[in-house]
């Protein structure tokens, strides 16, 4: 791991070397990259936004196969799978993140596929296939992309059907018995009606050995298909329609390296099995029949009708998505939590979720005054319906997990429960056991406009704004489960009786202003101020009625200074960005063991957050075929304007530490954002720095053969993945590398490639849950054969 000084020296050294070497470079330059970061096609160097774009060629050479891989390449970006859920990603951009995937929470980094928003974090880790490019926008995007983009946006653009017959097929094998097949074929009916069919299947046997059951866990069974149509009825009309289906069975169950040598693989000790329902009779409804695992099945239909008129181009963008998520997961299935393990798991959450969303947008791109004034404007509608049948329990063999042997009494605020033995030595913790259905909705209307006006030929002013009107609701229904304690089986009427609102309404205006100065054709500078907000919501993983607490929307103002430049006949591209983010009512999910042994999940607006930093993106092509890149970021953040409850908690923690009051320490320290020493913890998932450096070199041989080795190294500084700053969540950073090589003949269309990810098999702390550490994926390798026609 590099120090901050070493990072600065590395950047300076690379820049110096680039400047010297580029003076002798040949005349051909870097490929121009076109992005839609401002909802229209523009060269990336002309956009006054911090955006990183990866083309299909770059994705393939760097072996970027799913959205989680993106976090290795983007400055000031950190991420991992959600605890338990391999289908869900926690993106953290400039310190803004959300680790919750339940439907009453929204992520701060929005995910879009072909301009259609994916609302649920449950399924934002998906495989790439037939992708044209991916754009990652850093900083709030509230004007053009809307709500829930306070941290940024991941924008995936898929390839459109082509006017000529063609396509590709790819097969591969890899570590953990991976089998992969991908294909896509363009099938034009005529010059006006184009179609494309794409599909993929990825399957492996898993990398975690369950020492309790002998099964392999954390396997990936992922398949999908997409059919797309492009209809060109007239010169002014283009209609793109696509339908897709994805089925992914992928969990991220707790695992560890018991030998501590990083060589003997990952293990789990959960008593749950992947071939047998774990909680039949413990819960009710369909979810009681789910074995250990996490499956997400989704359908979507998208439509984009483009109409070129005399005043500009209208786009009528419609999206419908339906997703089902079914999981039964043990979050504490490791030694030290329960020995021997229970067949129902140590801390088990079951989930049967149905999530439907509909979006409609009408967008107009146009220009006036001889294109001196360019504008984009539109209206947007979003509707989401969620129904989640969920349950939770603690269950262990013989002795209780936290509170003593069977028959002992634990005090949970407002509830006194004797934990009964339920046969086979299994003890179920009734005080922490519930079974209920949650329904929540969200409906939002918005209107937006952004205009770019050339004050001078070299000076452009951007002004824009968006107004969003949003309404959310929540409702609960207790399942008819005779096993669950009545005290934990409440409904919407009980929430209202406790004085907790079941509706939230928000009206928010999110403006943007930027000024860009073109020094010459190859260099420009910009300054911007941008606002964004993330929706409020409710705590949903709760035992007591009073825990269904609402939290307010999160708002951010981000101020940026940037330079975009190209040097040496377009051989070197150097982009620099400095930023300051002021986040009000920062939403922070926290999970911890309370003073009586229960797990508390709580999200509140604990404080404001201030983050400042800088980013550099360098791309260099010193000679034909050689492409090098360096993406680096440095950032620093701290919590400000603490909520009064946090101030009181901190004072109580410090007083307990001074008095040696163990009970007071347990009750107040190492919870929320108060660390074990009574200080305010560092912001979560905010590394001191990120650095990725790499490249590829295509070497031509006779008979059209090309050999392309590629590699990149990622180095990340100190970071904290535990909100309360406990030692178990602190990391001094890590360094990992990935590499690959391909041999092929572009003239005949075949290629053979070999890749490895996390080649050094580094163990990296990705997240923590109530004192347990979750790690990154281990080293993987793959061999692939591809044929283009």
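The values are calculated or read from the model by the stated rules, or taken from the named source; none is laboratory data. The structure displayed is predicted, hence computed values, not measured ones. In this analysis, Cβ positions are derived from the backbone assuming ideal geometry, glycine residues included, and neighbour counts consider all displayed protein chains.
When you scan the range 195-223, how many residues do you find that are within 23 Å of residue 132 (Cβ to Cβ) and buried (at least 19 other Cβ atoms within 10 Å of the Cβ)? Steps first, answer last, please.
First pass over the range 195-223, keeping only residues within 23 Å of residue 132 (Cβ to Cβ): 195-202, 222-223.
Next cut, buried (at least 19 other Cβ atoms within 10 Å of the Cβ) only: 196, 198, 200, 202, 222.
Residues that pass the stated criteria total 5.
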- Message: Looking at the structure I just gave you, is residue 576 farther than 26 Å from residue 602 by Cα and either in the same structural domain as residue 46 (by TED's automatic domain parsing) or in contact with a strand residue (DSSP E or B) (Cβ under 8 Å, 6 or more places away or on another chain) (or both)?
- Response: yes
- Item | Given (1) over 19 Å from residue 633 (Cα atoms); (2) touching a residue at least 40 places away in the same chain (Cβ under 8 Å); (3) within 16 Å of the chain's Cα centre (by Cα), number of the condition residue 73 does not satisfy | (1)
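Of the residues 752, 743, 713, only one is under 25 Å from the mean Cα position of the chain (by Cα), surrounded by fewer than 18 Cβ atoms within 10 Å (Cβ to Cβ) and closer than 30 Å to residue 786 by Cβ; which?
Only one candidate qualifies: 713.
Can you give me the ranges of the strands (runs of 3 or more DSSP E) entirely in the range 620-736 with at least 3 residues that are within 28 Å of residue 98 (Cβ to Cβ), touching a helix residue (DSSP H, G or I) at 6+ places or on another chain (Cβ under 8 Å) and not assigned by TED's automatic domain parsing to the domain that holds residue 96? I'd like the intermediate steps shown before the answer.
On the way: elements: 626-640, 689-697, 706-716.
Where strands (runs of 3 or more DSSP E) fall fully within the range 620-736, none carries at least 3 residues being within 28 Å of residue 98 (Cβ to Cβ), touching a helix residue (DSSP H, G or I) at 6+ places or on another chain (Cβ under 8 Å) and not assigned by TED's automatic domain parsing to the domain that holds residue 96.
Considering each of 769, 752, 783 in turn, give the residue that is in contact (Cβ under 8 Å) with a residue 24 or more places away in the chain and within 23 Å of residue 331 (Cα to Cα).
On the way: 752 fails: within 23 Å of residue 331 (Cα to Cα); 783 fails: within 23 Å of residue 331 (Cα to Cα).
769 is the lone residue from the list that is in contact (Cβ under 8 Å) with a residue 24 or more places away in the chain and within 23 Å of residue 331 (Cα to Cα).
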- Among the candidates 679, 671, residue that is closer than 19 Å to residue 721 by Cβ, touching a residue at least 12 places away in the same chain (Cβ under 8 Å) and surrounded by fewer than 20 Cβ atoms within 10 Å (Cβ to Cβ): 679
- Query: In the range 50-70, how many are under 28 Å from residue 561 (Cα atoms), touching a residue at least 12 places away in the same chain (Cβ under 8 Å) and more than 12 Å from the chain's Cα centre (by Cα)?
  - Reply: 6
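Residues that are within 34 Å of the chain's Cα centre (by Cα) and at pLDDT 95 or above: which strands (runs of 3 or more DSSP E) entirely in the range 330-430 hold 2 or more of them?
On the way: elements: 347-368, 373-397, 409-412, 415-418, 426-428.
Strands (runs of 3 or more DSSP E) meeting the threshold: 347-368, 373-397.
So that you can scan it fast, the table gives a plain yes or no per residue for (1) free of Cβ contacts under 8 Å to residues at least 40 places away in the same chain; (2) crowded, with 21+ Cβ neighbours inside 10 Å:
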| site | (1), (2) |
| --- | --- |
| 536 | no, yes |
| 550 | no, no |
| 555 | no, no |
| 560 | no, yes |
| 569 | no, no |
| 573 | no, yes |
| 582 | yes, no |
| 591 | no, yes |
- Task: Tell me which residues, restricted to the range 537-552, are part of a loop (DSSP other than H, G, I, E, B) and closer than 14 Å to residue 500 by Cα.
- Result: 539, 540, 542, 544, 548, 549, 552
- Looking at 293, 312, which is the one that is out of contact with any helix residue (DSSP H, G or I) (no Cβ under 6 Å at 6 or more places or on another chain), surrounded by fewer than 21 Cβ atoms within 10 Å (Cβ to Cβ), at pLDDT 95 or above and at positive phi? 312
- Item | Those residues of the range 437-472 which are free of Cβ contacts under 8 Å to residues at least 40 places away in the same chain and under 30 Å from residue 287 (Cβ atoms), in sequence order | 471
- Would you mention how many residues in the range 737-766 are out of contact with any helix residue (DSSP H, G or I) (no Cβ under 8 Å at 6 or more places or on another chain), part of a strand (DSSP E or B) and modelled with pLDDT under 95? 1
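Being in a helix (DSSP H, G or I) and modelled with pLDDT under 95 is true for just one of 30, 18. Which residue is that?
Details: 30 fails: in a helix (DSSP H, G or I).
Sole residue among the options that is in a helix (DSSP H, G or I) and modelled with pLDDT under 95: 18.
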